[in-house]
Amino acid sequence: MTPLAEIIAQRIRLQGPITIAEYMALALGHPEHGYYRRADPLGKAGDFTTAPEISQMFGELIGLWCAEIWRLMDSPEQFNLVELGPGRGTLMADALRAAKVLPGFNDAASIHMVETSPALRERQEVALAGSRPVTWHDDFGGVPAGPMILISNEFFDALPIHQFERTADGWRERQVTLDGDGFAFTLSTNRSPAEVLIPEILRMSAPARAVIEVSPASVSTMTAIAQQLEEDGGAAIIIDYGHTAPGAGETLQAVRRHAFHNVLSDPGSADLTAHVDFAALAAAGHPHAAIHGPVTQREFLKSLGIELRAGQLRQRATEAQARDIDTALHRLIDPAEMGTLFKVLVACDRGLAAPPGLEPTAGTE
Ligand code: SAH
């Protein structure tokens, strides 16, 4: 067993089966052996590749989007530009470069990165060298009050989820237990605290063996973001893979070296994620902020003009570079790639005009 598997096994021996949320939190965030505490997982040589690592166009368009939001906010002299889980800092660096077209934006931005990984904090520091001062925080709670523009790409999918399975006895929480030298799933014999915290689960009807997932960590982060927007103004853009209607079933997955991996093998050695429940995020934000979307990443990037931007880049490119630009564009917006699985949700303070890129696009596809 790996050191982290041994730590988890010991916990189960002492306290009995643990929830999937607890397993996920340890596998990803254990201070010494957690997946995101160890090394940089991104890129071809790592485990997975994200949109900002595919093409500079992604971060640039988000940067222009932020600049437009800042203008809609009446260009405050100071605001917090926050990113959750900024990875290598590529998105923020591309965004700041593109946003220079709007004078005053970069000077007004105080940059706040919410990042737990020491290795990725170092990468971010290098990517943003020469930018305005950057402050790092372990969670969103550390970000100071004030007007805010918040960016989040592939962050919420890493937050812990609970799974519940429908049995003849009602909903039971799925847990992780010991099975010989490894781990196995089991079902709770009693109601779990999560079930009590999320009473809607008890009211849901579903066929036998149906599985639902809930993420209290995502809901509380989204609530805190929306409250901050209500308090001091601004907008938050959340991009991730996920579903717009609840009840999508089981989506917990492990990925290592660009391939699926067993969720319960070698915890800490693979990325563990679940699809984001955008309906739950929208519901959490709704009491405090205006919610726009979700729309698909394809609709969003097309409406911000990604094809135009690709055309501009192609004009200055060699033939090989032009092929790379086309491949990147395809990966970002094609429905068979990231185009429709990835969604974009925006929360704004209620005084703000509608954000660009999220208008209904019926009939334009
Ligand atoms: N946004 C980046 C990276 C996505 S990977 C990109 O698109 O390339 C997920 C990111 O979230 C990593 O930076 C990871 O270290 C960070 N992260 C994961 N769980 C976290 C948590 N609970 N708190 C803070 N950061 C977290």
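The values are calculated or read from the model by the stated rules, or taken from the named source; none is laboratory data. Because the structure is predicted, anything quoted here is derived from the model rather than measured. Here the Cβ positions follow ideal geometry from the backbone for every residue, glycine too, while neighbour counts run over all protein chains shown. These area figures cover heavy atoms from the full protein model, side chains too; ligands, DNA and RNA do not enter into them. Shrake-Rupley method; radii C 1.70, N 1.55, O 1.52, S 1.80 Å.
Taking Ile291, is it among the β-branched types (Val, Ile, Thr), in a helix (DSSP H, G or I) and touching a residue at least 12 places away in the same chain (Cβ under 8 Å)? Quick ask: steps written out before the conclusion?
Working: among the β-branched types (Val, Ile, Thr): yes; in a helix (DSSP H, G or I): no; touching a residue at least 12 places away in the same chain (Cβ under 8 Å): yes.
Spelling it out, it is not the case that Ile291 is among the β-branched types (Val, Ile, Thr), in a helix (DSSP H, G or I) and touching a residue at least 12 places away in the same chain (Cβ under 8 Å).
Can you confirm whether the range 263-270 contains a residue that is buried (at least 24 other Cβ atoms within 10 Å of the Cβ) and in contact with a His (Cβ under 6 Å, 6 or more places away or on another chain)? Steps first, answer last, please.
Step one: filter the range 263-270 for residues buried (at least 24 other Cβ atoms within 10 Å of the Cβ), giving 267, 270.
Adding the requirement that they be in contact with a His (Cβ under 6 Å, 6 or more places away or on another chain) leaves 270.
Yes, the range 263-270 contains a residue that is buried (at least 24 other Cβ atoms within 10 Å of the Cβ) and in contact with a His (Cβ under 6 Å, 6 or more places away or on another chain).
Within the range 143-159, can one find any residue that is in a helix (DSSP H, G or I), in contact with a Leu (Cβ under 9 Å, 6 or more places away or on another chain), modelled with pLDDT of 95 or more and of a type in the set (Gly, Ala, Ser)? Break it down stepwise before answering.
First pass over the range 143-159, keeping only residues in a helix (DSSP H, G or I): 156-158.
With the extra rule that they be in contact with a Leu (Cβ under 9 Å, 6 or more places away or on another chain), the set shrinks to 156, 158.
From the residues that got through so far, the ones that are modelled with pLDDT of 95 or more too are 156, 158.
Those still in the list that are of a type in the set (Gly, Ala, Ser) too: 158.
Checked against the condition, which is being in a helix (DSSP H, G or I), in contact with a Leu (Cβ under 9 Å, 6 or more places away or on another chain), modelled with pLDDT of 95 or more and of a type in the set (Gly, Ala, Ser), the range 143-159 yields at least one hit.
State whether one or more residues within the range 185-206 are within 16 Å of the ligand (Cβ to nearest atom) and not in a strand (DSSP E or B). Talk me through it step by step, then tell me what you get.
In the first step, residues of the range 185-206 are kept if they are within 16 Å of the ligand (Cβ to nearest atom); the result is none.
No; the residues of the range 185-206 include none that is within 16 Å of the ligand (Cβ to nearest atom) and not in a strand (DSSP E or B).
Within the range 303-319, work out how many residues are farther than 21 Å from Glu68 by Cα and either modelled with pLDDT of 95 or more or not aliphatic (A, V, I, L, M) (or both).
So the first thing to find is which residues in the range 303-319 are farther than 21 Å from Glu68 by Cα, and the list is 311, 313-319.
Next cut, either modelled with pLDDT of 95 or more or not aliphatic (A, V, I, L, M) (or both) only: 311, 314-316, 318-319.
The number of residues fulfilling the criteria is 6.
The conditions are (1) open to solvent by 40 Å² or more (accessible area, probe 1.4 Å); (2) more than 9 Å from the ligand (Cβ to nearest atom), and Arg88 fails exactly one of them. Which is it?
Every condition holds for Arg88 apart from (2).
Looking at the range 91-127, which of its residues are open to solvent by less than 10 Å² (accessible area, probe 1.4 Å) and closer than 18 Å to Asp232 by Cβ?
If we filter the range 91-127 for residues that are open to solvent by less than 10 Å² (accessible area, probe 1.4 Å), which is where we start, we get 91-92, 95, 99, 105, 108-109, 111, 113-114, 117, 120, 124.
Of everything in the range 91-127, those that are open to solvent by less than 10 Å² (accessible area, probe 1.4 Å) and closer than 18 Å to Asp232 by Cβ turn out to be Phe105, Ala108, Ala109, Ile111, Val114.
Would you please name the residue that is modelled with the lowest pLDDT, looking only at residues in the range 238-262 that are over 20 Å from Thr49 (Cβ atoms) and open to solvent by less than 30 Å² (accessible area, probe 1.4 Å)?
Here is the first cut: in the range 238-262, the residues over 20 Å from Thr49 (Cβ atoms) are 243-250, 252, 262.
Checking the rest, the ones that are also open to solvent by less than 30 Å² (accessible area, probe 1.4 Å) come to 249, 252.
Working: Gly249: 84, Leu252: 96.
The qualifying residue modelled with the lowest pLDDT is Gly249.
Any residue at all in the range 163-175 that is part of a helix (DSSP H, G or I), surrounded by fewer than 16 Cβ atoms within 10 Å (Cβ to Cβ) and more than 16 Å from the ligand (Cβ to nearest atom)? Working first, answer last.
Residues of the range 163-175 part of a helix (DSSP H, G or I): none.
No, the range 163-175 has no match at all.
If you take the residues in the range 12-61 that are near the ligand (Cβ under 10 Å from one of its atoms) and of a type in the set (Val, Ile, Thr), which one is farthest from Leu96 (Cα to Cα)?
Result: Thr49.
So Thr296 clears everything in (1) buried (at least 20 other Cβ atoms within 10 Å of the Cβ); (2) over 16 Å from the mean Cα position of the chain (by Cα); (3) of a type in the set (Ser, Thr, Tyr) except one condition, right? Which one?
(2)
Condition first: within 21 Å of the chain's Cα centre (by Cα) and hydroxyl-bearing (Ser, Thr, Tyr). Now tell me which residues in the range 110-149 satisfy that.
Thr116, Ser117, Thr135
For the range 136-147, state whether one or more residues are within 16 Å of the ligand (Cβ to nearest atom) and over 24 Å from Ala280 (Cβ atoms). Even if it seems obvious, please write down each step before you answer.
Within the range 136-147, the subset within 16 Å of the ligand (Cβ to nearest atom) is 136-143.
Within this subset, residues satisfying the condition of being over 24 Å from Ala280 (Cβ atoms) are 136.
Yes, some residue in the range 136-147 is within 16 Å of the ligand (Cβ to nearest atom) and over 24 Å from Ala280 (Cβ atoms).
Quick one: how many residues across the range 62-85 are within 16 Å of the ligand (Cβ to nearest atom) and open to solvent by less than 10 Å² (accessible area, probe 1.4 Å)?
So in the range 62-85, the residues within 16 Å of the ligand (Cβ to nearest atom) come out as 62-63, 65-66, 81-85.
If we keep only those that are open to solvent by less than 10 Å² (accessible area, probe 1.4 Å) too, we end up with 62-63, 65-66, 81-84.
Going through the range 62-85 one residue at a time, the tally reaches 8.
Identify all residues within the range 221-258 that are among the small types (Gly, Ala, Ser) and touching a residue at least 60 places away in the same chain (Cβ under 8 Å); write none if there are none.
The initial filter retains those residues of the range 221-258 that are among the small types (Gly, Ala, Ser), namely 224, 226, 233-236, 242, 245, 247-249, 254.
Result: Ala224, Ala226, Gly233, Gly234, Ala235, Ala236, Gly242.
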